[in-house]
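The values are calculated or read from the model by the stated rules, or taken from the named source; none is laboratory data. Quick caveat: nothing in here was measured; it's all calculated off a predicted structure. Here the Cβ positions follow ideal geometry from the backbone for every residue, glycine too, while neighbour counts run over all protein chains shown.
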């Protein structure tokens with residue numbers, strides 16, 4: 001057991017997380033045009049990071065252009081999903097027909113718009129439901145608790161590595177205790193709102209698992225491209241993609257599960 005796990009990087013990570021959580025909750029609470037602006041900014045920055053990771057593009061202007069295309073997809077989806085799909089198809093055709101700019105595989109270039117846009121389209125759609133604010137809060141609390149406790153428990157308890165070829169730092173203790181923390185957080189949220197406890201356990205467990213899988217997916221992408229972090233924007237975390245990796249995949253499951261259940 002590693003009891004001396006609190007270092008400057010951990011402190012920076014915790015402080016950054018607190019600031020980001022406060023900003024995220026404020027944005028979701030305010031909603032409306034402010035939330036649209038925040039989500040558009042996230043799509044732009046994350047696309048820029050994704051292009052930097054996956055493509056042989058050095059031009060800042062071209063990276064910004066590709067990032068703007070994804071922002072347009074997101075904004076069009078708020079007006080009508082048909083226009084968004086049409087523009088999205090145009091982007092896919094451009095990516096497929098353009099010269100090979102991918103670093104290792106063009107698949108990463110093609111899936112970029114899907115991976116980066118859909119979670120925020122779904123998030124905004126759910127936010128506008130009657131109980132959307134409560135649903136988003138529950139979802140984010142589960143994701144955050146899974147991510148935070150996975151990191152801290154992995155640092156504190158250490159132990160056997162989860163998947164060395166993907167990440168040197170992730171451990172089974174962090175993986176399992178992160179899922180446990182996410183499930184318990186879901187249970188607490190449902191208990192406070194007097195919802196079904198069994199649903200709290202099952203929904204929280206599934207979201208926590210896919211939060212961990214989302215983290216592993218980005219670790220795989222970064223390992224394939226031989227990089228450690230997607231960027232340096234957030235102290236202790238790296239880039240925005242590094243901070244929202246668990247959110248990206250679990251949000252898709254959240255949206256699908258909500259529509260199937262309701």
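Values as computed for the structure displayed
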{"item": "Flag for residue 129 being more than 15 Å from the chain's Cα centre (by Cα) and over 22 Å from residue 224 (Cα atoms)", "result": "yes"}
{"item": "Some residue of segment 113-123 being without any contact (Cβ under 8 Å) to a residue 40 or more places away in the chain and under 22 Å from the mean Cα position of the chain (by Cα)", "result": "yes"}
{"item": "Residues (without any contact (Cβ under 8 Å) to a residue 40 or more places away in the chain and closer than 24 Å to residue 244 by Cα) located in segment 86-104", "result": "88, 91, 92"}
{"item": "Only listed residue being in contact with a helix residue (DSSP H, G or I) (Cβ under 7 Å, 6 or more places away or on another chain) and in a loop (DSSP other than H, G, I, E, B), chosen from 110, 104, 136", "result": "104"}
{"item": "Residue among 73, 43, 109 that is touching a strand residue (DSSP E or B) at 6+ places or on another chain (Cβ under 6 Å) and surrounded by 13 or more Cβ atoms within 10 Å (Cβ to Cβ)", "result": "109"}
{"item": "Qualifying residue in segment 163-182 (condition: touching a strand residue (DSSP E or B) at 6+ places or on another chain (Cβ under 7 Å), crowded, with 22+ Cβ neighbours inside 10 Å, part of a helix (DSSP H, G or I) and outside the structural domain of residue 54 (by TED's automatic domain parsing))", "result": "no"}
{"item": "Residue ID - nearest to the chain's Cα centre (by Cα), chosen from residues in segment 46-56 that are part of a helix (DSSP H, G or I) and either at pLDDT 95 or above or crowded, with 20+ Cβ neighbours inside 10 Å (or both)", "result": "46"}
{"item": "Some residue of segment 131-151 being buried (at least 16 other Cβ atoms within 10 Å of the Cβ), in contact with a strand residue (DSSP E or B) (Cβ under 9 Å, 6 or more places away or on another chain) and without any contact (Cβ under 8 Å) to a residue 40 or more places away in the chain", "result": "no"}
{"item": "Hey, residue 157 assigned by TED's automatic domain parsing to the domain that holds residue 219, without any contact (Cβ under 8 Å) to a residue 40 or more places away in the chain, touching a helix residue (DSSP H, G or I) at 6+ places or on another chain (Cβ under 6 Å) and crowded, with 16+ Cβ neighbours inside 10 Å or not", "result": "no"}
